[in-house]
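Structure, as structure tokens:
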Number of protein chains: 2
Amino acid sequence: MKPYQTALLSSLLIGSLSACQTQVETATTSEAIKLQQTALASQLGYDIVESLTVEVGPRLAGSPKDIIAVNWAMEKLTSLGFDRVYKEPVQVPIWERGEAKAKITFPVEQPLVITALGGSVATPAGGLQAKIARFDSLEALQQAKPEDVQGKIAFIDQKTERHITGEGYGKSVGGRSKGAVAAAQKGAVAIVIRSIGTDHDRMAHTGVMRYQDDVPKIPAAAMSNPDADLVDALLKRNPDALLELQMSPKNAGFNTSYNVIAEVTGNSKPNEIVLIGAHLDSWDEGTGAIDDGAGVAIVTAAAKHIQDLPVKPARTVRVVLYAAEEIGLVGGKAYAEAHKAELPLHYIAAESDFGAGRIYQIDTKVNESAWTEVQHALSPMSFNGVALGNNQASGGPDVSMLPALGVPVASLRQDGHDYFDYHHTPNDTLDKIDPAALAQNVAAYAQFAYIMANSTVTLTPLVTQSEK
Amino acid sequence: MKPYQTALLSSLLIGSLSACQTQVETATTSEAIKLQQTALASQLGYDIVESLTVEVGPRLAGSPKDIIAVNWAMEKLTSLGFDRVYKEPVQVPIWERGEAKAKITFPVEQPLVITALGGSVATPAGGLQAKIARFDSLEALQQAKPEDVQGKIAFIDQKTERHITGEGYGKSVGGRSKGAVAAAQKGAVAIVIRSIGTDHDRMAHTGVMRYQDDVPKIPAAAMSNPDADLVDALLKRNPDALLELQMSPKNAGFNTSYNVIAEVTGNSKPNEIVLIGAHLDSWDEGTGAIDDGAGVAIVTAAAKHIQDLPVKPARTVRVVLYAAEEIGLVGGKAYAEAHKAELPLHYIAAESDFGAGRIYQIDTKVNESAWTEVQHALSPMSFNGVALGNNQASGGPDVSMLPALGVPVASLRQDGHDYFDYHHTPNDTLDKIDPAALAQNVAAYAQFAYIMANSTVTLTPLVTQSEK
């Protein structure tokens, strides 16, 4: 073919492609609005989280219930008729909670409600008893004189602020994750924190903590907010108050768990992937309803509504139910590693892991020059109450490492004003989920996944960390 | 003196008494309004309940903490400078909670949150496991065929309705108090009830239960509302679900506790008594803030505001902090017995035992012909948001036996819409008390006690039960 012929054909093709793009966009918008209606009229999402919480319940990574959850997920996804259902092994550390008891023993006996932080070591079998060194924050503990902490139980007494965004959690959670190291470096015999939670319930909030190889490992626990109030009031009366802790958690090696995956095969670009994820594991004290049974239900039901369409979207929609998020994003990291070669084919990824509150905004992390077009494409979501936000998304815990690997992400922002009332407590149960709000989430994820799976916008390259 | 002279003097005296009465009423009204202002501006009530919950905390009748509470009360009342402070011994049964664990073991393991009901016996040391016979109510259990219950764990699954009056409690509490007898009569090996509570927290509500001498004693527990939901959902899937219970409570004899009493001595009729009471004991899982630390604080602070007046009212205001209410009105019954001879001198009695919600109405139980006058006398309470109600009061648990013994009572009705969210759970802690609402209660009790201690209305005789 001669050069001018090539150019002409190209021009025609481009012209017809553009017309085609517009058609695709119109059809996609129309289908997205129908998907919203379908999802809002369906109780599939609620049925899924009901099934997971009732038939499995708590499913701590590495525990026997974790494997029961994996089997549940394989069966549920298979029964829903996805094009592909498979699982990928993930090695996860085993941590067993054991018992956790605490009481003030002087100047008066007062039993306290505590819980071991995830990963904590045990106290000596007979427990330990010491005075209390109270700090307003992790930073205050880090700046303390060692002689004020030596031989005592460090107590980080920071309240968690309530925000729709959940940003209060970020401000206080350092005390949970880093407090044991900071306390041990000053010579503390244990650390107890005020729960990272916005409630006034007599329940302690667990969550993962970390040790450092060169620092002694000391027991780490959280106490409920009312108990922290009580300890405060006692310390104001008598700074020599004694706290007794008895905890028997243990680390017990490793087990194989699985990322469980389902796919709606793309119609024309089946190798390209729109990933919507959630994590299958949960903490062990509730039934893992809002964290993250809701997410499992939301992304599974959203994909199922797409699976049921007569014409599938261009790209493959992949549901990933991650293993072992709670104990350190283990499944998310394993996925990124196992799918390294395939990551360039990941068009965009998003994880639902913030409960079951309504989605009020969608943010993205895409190439800056593509952002306006992406927002335009996602605009049907506004009919479902989802505003178009910014381009600063992180995508959710298990996909948070993907932008650095070149994969665009989106964050569908949920109303989290009460999320940290229940998060990581025995109170994380089904009754905390509003079925209507859950359905709104399903609709939003269905729209997001469908629109992205048909999108003609180029989202990459992402700015690198150094450019940012 | 000649008859006509006597008649004249009488007439004059009556005339002057009437004028005097009017003066007394006006002065009383004026003082009652000042008392309201004093009480609302004071944080004495909150300081008292803070002190009791922090310095004593849980104080189960018959336990070592019960005696600590008695000592606290003696010291607190003495330090407040009442005219008289004393205590009267009460024999109370000792019940120790031990541990209570439960889980569904089939078709899937699901740990449940339960608590032993007060007075329950233990399971065998290794626990017990059985199928579940579920009933909508105590009545349904009582009407069941024995073959449907025999060898099973009876489960009364009645939800408690939310009302400002707390009347939902009365509708469902029979399952707690009488369920064990009904279940054992049908051959059940244990009984578990849905908690008598209006919350959705993962906390079980304890409370006293009763056995009957001629019926086998079986273990009795309550499970949290979310757990009852879970068991329901499991039973719908599989009626052969198995429940395992392990409980180690025990009854351990008797101990001496005390009704603790303080008095503001009456100015002109010191032998006549206006009794305002609350109970000092609490269940052991919370710190007894709303039940009944609030009541202790309310009546103590109310009496203290009267104690501080330059001129005391005519009658003695007696604060009674009852022992062992929770386990069967033990202190209330002991008081009625010990003060039998003095009961005719009890002008009126009222107990504060319904949390710390605002008082919206005052009801009385007085002679019908006196009711209008009493309502008129109490009308200053309306300035504090307290409406005048009816003449059907019971007076509160520990004074509920007094009307039958001829003593008038009053019920100062509190807003109880959230009382059964926390009642008898670990969540009964100080943070559930609104200091402003507590002060409104103090003001209402101060006004009530002062007005009644000065009242010139004759409240007796009460109608007898048969007349009613």
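The values are calculated or read from the model by the stated rules, or taken from the named source; none is laboratory data. Remember, predicted model here, so these are calculated numbers, not experimental data. Here the Cβ is made from the backbone with ideal geometry for all residues, glycine too, and neighbour counts use every protein chain on show. Heavy atoms of the whole protein, side chains included, go into the accessibility calculation; ligands, DNA and RNA do not. Shrake-Rupley method; radii C 1.70, N 1.55, O 1.52, S 1.80 Å.
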*asked:* Any residue that is more than 14 Å from chain A (Cβ to nearest Cβ) and of a type in the set (Asp, Glu) - is there at least one of those in the stretch B:200-210?
replied: no
*Identify, from the list B:Gly197, B:Gly166, B:Gly175, the residue that is buried (at least 22 other Cβ atoms within 10 Å of the Cβ), under 24 Å from B:Gly355 (Cβ atoms) and modelled with pLDDT under 95.*
B:Gly166
*Restricting the stretch B:356-389 to residues that are touching a helix residue (DSSP H, G or I) at 6+ places or on another chain (Cβ under 7 Å) and among the polar types (S, T, N, Q), which is surrounded by the fewest Cβ atoms within 10 Å (Cβ to Cβ)?*
B:Asn384
_Odd one out for B:Val149 among (1) β-branched (Val, Ile, Thr); (2) free of Cβ contacts under 8 Å to residues at least 40 places away in the same chain; (3) open to solvent by less than 20 Å² (accessible area, probe 1.4 Å); (4) within 17 Å of B:Ala228 (Cα to Cα)_ = (4)
*asked:* Kindly evaluate B:Asp415 against the criterion of being away from chain A (no Cβ under 14 Å), within 30 Å of B:Ala116 (Cα to Cα), in contact with a Phe, Trp or Tyr (Cβ under 7 Å, 6 or more places away or on another chain) and open to solvent by 40 Å² or more (accessible area, probe 1.4 Å).
replied: yes
_From the list A:Gly293, A:Gly288, A:Gly355, exactly one residue is under 13 Å from the mean Cα position of the chain (by Cα), more than 25 Å from A:Thr38 (Cα to Cα) and not polar (S, T, N, Q). Which is it?_
A:Gly288
*Out of curiosity, is A:Asp284 under 30 Å from A:Val409 (Cα atoms), open to solvent by 10 Å² or more (accessible area, probe 1.4 Å) and within 14 Å of another protein chain (Cβ to nearest Cβ)?*
yes
*When only residues in the stretch B:224-244 that are among the hydrophobic types (A, V, I, L, M, F, W, C) and more than 12 Å from chain A (Cβ to nearest Cβ) count, which is nearest to B:His417 (Cα to Cα)?*
B:Leu243
_Subset of the stretch B:71-119 [within 12 Å of chain A (Cβ to nearest Cβ), part of a helix (DSSP H, G or I) and either over 28 Å from B:Ala278 (Cβ atoms) or open to solvent by 40 Å² or more (accessible area, probe 1.4 Å) (or both)]_ = B:Asn71
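Name the single residue that is nearest to A:Ile94 (Cα to Cα) among those in the stretch A:44-60 being more than 8 Å from chain B (Cβ to nearest Cβ), open to solvent by less than 10 Å² (accessible area, probe 1.4 Å) and of a type in the set (A, V, I, L, M).
The residue in question is A:Leu52.
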*Could you pull out the residue among B:Ile33, B:Ile68 that is away from chain A (no Cβ under 14 Å) and either surrounded by fewer than 15 Cβ atoms within 10 Å (Cβ to Cβ) or not small (Gly, Ala, Ser) (or both)?*
B:Ile33
*Read through the list (1) open to solvent by 10 Å² or more (accessible area, probe 1.4 Å); (2) in the same structural domain as A:Met74 (by TED's automatic domain parsing), then give the number of the only condition that A:His279 fails.*
(1)
*asked:* Against the conditions (1) under 24 Å from the mean Cα position of the chain (by Cα); (2) open to solvent by 40 Å² or more (accessible area, probe 1.4 Å), where does A:Asp214 fall short? Just the number, please.
replied: (1)
_For the stretch B:329-339, give me each residue that is in contact (Cβ under 8 Å) with a residue 40 or more places away in the chain and either under 17 Å from B:Leu462 (Cα atoms) or surrounded by fewer than 24 Cβ atoms within 10 Å (Cβ to Cβ) (or both)._
B:Leu329, B:Lys333, B:Ala334, B:Ala336, B:Ala338
*Of the conditions (1) touching a residue at least 40 places away in the same chain (Cβ under 8 Å); (2) open to solvent by 30 Å² or more (accessible area, probe 1.4 Å); (3) in a loop (DSSP other than H, G, I, E, B); (4) out of contact with any His (no Cβ under 8 Å at 6 or more places or on another chain), A:Gln129 clears all except one; give me its number.*
(3)
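Do we have B:Ala122 as away from chain A (no Cβ under 14 Å), under 28 Å from the mean Cα position of the chain (by Cα) and surrounded by 16 or more Cβ atoms within 10 Å (Cβ to Cβ) here?
Working: away from chain A (no Cβ under 14 Å): yes; under 28 Å from the mean Cα position of the chain (by Cα): yes; surrounded by 16 or more Cβ atoms within 10 Å (Cβ to Cβ): yes.
Yes.
Specify which of the listed residues (B:Asp227, B:Asp240, B:Asp232) is open to solvent by less than 10 Å² (accessible area, probe 1.4 Å) and farther than 26 Å from B:Ala324 by Cα. Give the derivation first.
Values: B:Asp240 fails: open to solvent by less than 10 Å² (accessible area, probe 1.4 Å); B:Asp232 fails: open to solvent by less than 10 Å² (accessible area, probe 1.4 Å).
Being open to solvent by less than 10 Å² (accessible area, probe 1.4 Å) and farther than 26 Å from B:Ala324 by Cα holds for just one of B:Asp227, B:Asp240, B:Asp232, which is B:Asp227.
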